[in-house]
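A.B. asks: Structure in structure tokens, see below.
Please treat every number below as a calculation from the coordinates, not as lab data. Just so we're clear, the structure is a prediction, and the values are computed from it rather than from any experiment. FYI the Cβ positions are ideal-geometry reconstructions off the backbone, even for glycines, and counts take in every protein chain you see.
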Amino acid sequence: MLYINGEWRHSLSGNTLDIYNPATGEKISNVAYCGKEETREAIEKAHDAFQTWKQTTGQERAQLLKKVADLIRENGEEIAQTITKEMGKPITEARREIISGSNYVEWFAEEAKRIYGETIPAPQIDKHLMLVQQPIGVVGAITPWNYPLSMVTRKIAPALAAGCTVVLKPAPSTPLTAIKVFECFYKAGLPKGVVNLVIGPAEEIGAELTSNPLVRKITFTGSTTVGKKLIRDSADTVKKISMELGGHAPFIVFEDANMDAAVEGAISTKFVNNGQTCICTNRIYVAEEIAEEFGEKLAAKALQLIVGNGLNESTQVGPLINEQALKKVDSHVKDAIAHNGEILCGGERMEFSNLNGCFYKPTVINHANDRMKIAQEETFGPVVPIFTFKSEGEVIEKANNTNYGLAAYCYTSDLGRGLRMMRELDYGIVGINDPAPIVTQSPFGGLKESGIGKEGGKQGIQEYLEKKFVSILIG
Ligand code: NAD
């Protein structure tokens with residue numbers, strides 16, 4: 001169903017979209033599939049709702065958002081099952097997403113009360129100068145399938161907390177989770193028009209969101225290619241933009257690192273969500289003298305990972321989202337082999353007699369080199385190459401040799417080196433001996449072609465506020 005102006009709706013055409021479980025290939029549901037007319041209506045209703053929503057106090061918005069966070073938690077198991085069924089991640093990871101996704105809502109409920117302005121010292125005594133912060137207006141939000149709950153709440157919660165209203169377009173493979181979140185908005189009693197959900201063809205809905213002058217802000221998480229298009233399309237109406245785009249994370253292991261911790265860290269940053277996370281490790285750089293031992297240990301651990309249907313409690317790695325994703329992963333592996341890469345484990349599709357999904361064996365490639373595609377492109381799957389390096393300067397140069405700049409990881413027991421790496425790595429997120437740097441409090445966002453702006457943390461709400469300068473002549 002669509003959700004427009006506080007009502008659950010079918011599309012005007014009656015068109016629907018079938019939703020499939022990527023682990024089994026089975027159809028699990030179908031949802032209303034709309035186009036630009038419904039999107040335009042949703043924008044207009046969001047604009048109407050903005051006129052009253054912006055007049056509410058932070059306290060009032062906080063109370064409603066707290067209810068939403070509670071409702072997500074109360075319905076957590078049902079939403080987690082939905083996440084796993086529609087995009088495949090292990091149920092244990094889907095439950096973790098319930099925690100992170102609801103935490104974002106609670107965090108921004110609190111931040112709604114802390115939208116401060118500034119008083120500016122004036123150059124003359126008869127003037128009073130101020131900077132006030134106000135909600136920007138209607139927000140068009142477009143989200144990916146890989147974190148179908150937390151990518152939605154990490155955008156909508158700060159927007160609502162700031163006093164904005166929203167039209168969301170979720171990814172076509174994961175609308176069911178978005179619908180569940182909107183049920184929580186509905187039950188919490190958000191005024192009609194404040195949040196709206198449209199599901200339909202990406203280009204058509206995207207074109208309406210980016211061209212409609214009533215939309216004042218576009219917030220997007222997804223691939224760099226689509227992000228660039230949305231930036232271009234938003235230029236004509238000069239919208240504010242936030243872009244959370246692709247990544248190509250380096251994972252650097254120095255000779256003085258705690259080897260076992262580094263291996264564990266590499267496993268978790270690579271194979272979480274089956275490698276389909278923007279901050280997933282995509283390239284491992286290991287100091288030459290410890291590279292063989294590291295590779296053996298990593299492959300041994302990767303071989304132990306339990307691959308299967310995410311609904312099984314013991315599954316650690318689920319299916320890829322679709323056949324196209326599997327083909328890309330396999331092409332990176334084949335290309336690596338053609339460039340003299342050695343497969344330490346995996347390297348091929350995985351078949352199950354009772355599952356019709358896109359499974360790929362967790363794969364570690366040794367003797368990687370810069371001629372391989374995987375050295376430059378985001379793989380978005382359970383494959384990792386191991387490169388070697390001789391010096392700190394060399395690895396910094398290699399790690400930074402990409403247009404991406406989202407997340408980087410570094411393992412060392414030398415504090416000074418850790419600090420130098422923090423300074424030199426051109427990435428928006430750096431984990432030093434920490435494979436899981438992201439928490440609700442983190443300002444999440446990339447440098448270079450990985451994005452613009454921050455989500456989460458105290459910075460997240462700023463993306464939905466405008467600063468207005470006011471000068472009062474006292475007389
Ligand atoms: P995608 O860019 O294909 O799709 C993302 C969203 O954009 C979907 O809702 C899709 O329907 C929509 N979309 C596609 N074409 C569009 C168009 N022309 N106009 C408007 N909307 C359009 O990406 P994906 O495959 O869903 O997600 C994977 C990508 O997302 C990876 O590159 C990953 O790194 C990135 N990602 C980034 C972050 C981050 O925070 N930086 C988080 C998660 C995923």
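A.B. asks: log10 I(q)/I(0), Debye, Cα-only the chain, no solvent, q = 0.06, 0.09 Å⁻¹?
C.D. replies: Evaluating at q = 0.06, 0.09 Å⁻¹ gives log10 I(q)/I(0) of -0.28, -0.62.
A.B. asks: I would also like to ask the following. Provide the FRET efficiency to the nearest 0.05 for the residue 27-residue 337 pair, computing r from the beta carbons and using R0 = 41 Å. It would help to have the intermediate numbers written out before the result.
C.D. replies: Working: r = 36 Å, r/R0 = 0.87.
E(calc), rounded to 0.05, equals 0.70.
A.B. asks: Here's another thing I want to ask about it. Counting other Cβ atoms within 10 Å, which trypsin sites (Lys or Arg not before Pro) in the stretch 378-475 have at most 11 and lie in a DSSP loop?
C.D. replies: 390
A.B. asks: I need the chymotrypsin sites (Phe, Trp or Tyr not before Pro) found in the stretch 77-163, filtered to DSSP loop residues with at most 13 other beta carbons within 10 Å of theirs.
C.D. replies: 116
A.B. asks: Taking only Cα atoms of the stretch 213-323, what ratio of Rg to Rh do you get with Rh as the Kirkwood inverse-distance radius?
C.D. replies: Ratio of gyration radius to Kirkwood radius for the stretch 213-323: 1.14.
A.B. asks: If you look at just the Cα atoms of the stretch 249-439, how large are its Rg and its Dmax in Å?
C.D. replies: Rg, Dmax (Cα atoms, Å): 15.8, 52.
A.B. asks: Of 228/328; 54/155; 270/467; 240/328, which pairs sit farther than 29 Å apart, going by alpha carbon to alpha carbon?
C.D. replies: Working: 228/328 21 Å; 54/155 17 Å; 270/467 40 Å; 240/328 33 Å.
The pairs that break the limit, which is 29 Å between Cα atoms, are 270/467; 240/328.
A.B. asks: Could you give me D for the stretch 299-385, from Stokes-Einstein at 10 °C and 1.306 mPa s, where the hydrodynamic radius is the Kirkwood radius over C-alpha pairs? Units µm² s⁻¹, please.
C.D. replies: It comes out at roughly 120 µm²/s.
A.B. asks: Return the equivalent ellipsoid semi-axes of the stretch 1-128 as a descending list in whole Å, where each equals the square root of 5 times an eigenvalue of the C-alpha gyration tensor.
C.D. replies: Computed over the stretch 1-128, the values are 38, 23, 13 Å.
A.B. asks: Let me ask something else. Rounded to the nearest 500, what is the 222 nm mean residue ellipticity of the chain from helices alone, with -39500 (n - 2.57) per DSSP H run of 4+ residues and division by all residues?
C.D. replies: -12000 deg cm²/dmol
A.B. asks: Pick out, from 257, 421, 435, the residue whose Cα sits farthest towards the positive end of the charge dipole of the stretch 249-439, with +1 on the Cβ of Lys and Arg and -1 on the Cβ of Asp and Glu.
C.D. replies: Checking the options against the dipole of the stretch 249-439, the answer is 435.
A.B. asks: Please order 465, 17, 473 by the number of other Cβ within 10 Å, starting at the fewest. Kindly include the intermediate steps, with their values, before the conclusion.
C.D. replies: Working: 465 21, 17 17, 473 9.
By the 10 Å Cβ count, ascending: 473, 17, 465.
A.B. asks: For residue 442 and residue 130, what does the FRET efficiency come to when R0 = 35 Å and r is the distance between their Cβ atoms, rounded to the nearest 0.05?
C.D. replies: Between residue 442 and residue 130 the formula returns 0.70.
A.B. asks: Sort largest first and round to whole Å: the equivalent ellipsoid semi-axes of the stretch 174-236, each the square root of five times a Cα gyration tensor eigenvalue.
C.D. replies: After diagonalising the Cα gyration tensor, the semi-axes are 25, 15, 10 Å.
A.B. asks: What share of the DSSP beta bridges in the stretch 249-439 is antiparallel, in percent to the nearest 5?
C.D. replies: Percent antiparallel among DSSP bridges in the stretch 249-439 is about 25.
A.B. asks: Using only the alpha-carbon atoms of the stretch 66-201 as identical scatterers, what base-10 log of I(q)/I(0) does the Debye formula give at q = 0.12 Å⁻¹?
C.D. replies: Normalising to I(0) and taking log10 leaves -0.50.
A.B. asks: Take the alpha-carbon centre of the stretch 1-66, take the same for the stretch 217-270, and report the distance between them in whole Å.
C.D. replies: Each part reduced to its Cα centre gives a spacing of 27 Å.
A.B. asks: Under a crude label model (7 Å from the Cα following the beta-carbon direction), how far is residue 324 from residue 293 in nanometres?
C.D. replies: In this crude label model, residue 324 to residue 293 measures out at 4.5 nm.
A.B. asks: What number comes out for the charge environment of residue 296, summing +1 per Lys or Arg and -1 per Asp or Glu over other residues with Cβ under 13 Å away?
C.D. replies: Computed value for this residue: -2.
A.B. asks: Can you say what percent of the DSSP beta bridges in the chain, counting only those with both residues inside, are antiparallel? Round to 5.
C.D. replies: Percentage antiparallel, nearest 5: 45.
A.B. asks: Along the positive direction of the dipole of the chain (beta-carbon charges: Lys, Arg +1; Asp, Glu -1; about the Cα centre), which of 101, 308, 137 reaches farthest?
C.D. replies: The Cα lying farthest towards the positive end belongs to 137.
A.B. asks: For the stretch 30-45, list residues with backbone N below 17 Å from a point placed 7 Å from the Cα of residue 207 toward its Cβ?
C.D. replies: Zone members listed by number: 34-41.
A.B. asks: Ok, one more. How far is it, in nm, from the label point at residue 351 to the one at residue 81 when both lie 7 Å from their Cα along the line to the Cβ?
C.D. replies: 3.2
A.B. asks: Would you work out the relative contact order for the stretch 249-439, in percent, from Cα pairs under 8 angstrom that are 6 or more residues apart?
C.D. replies: Contact order relative to length: 28 percent.
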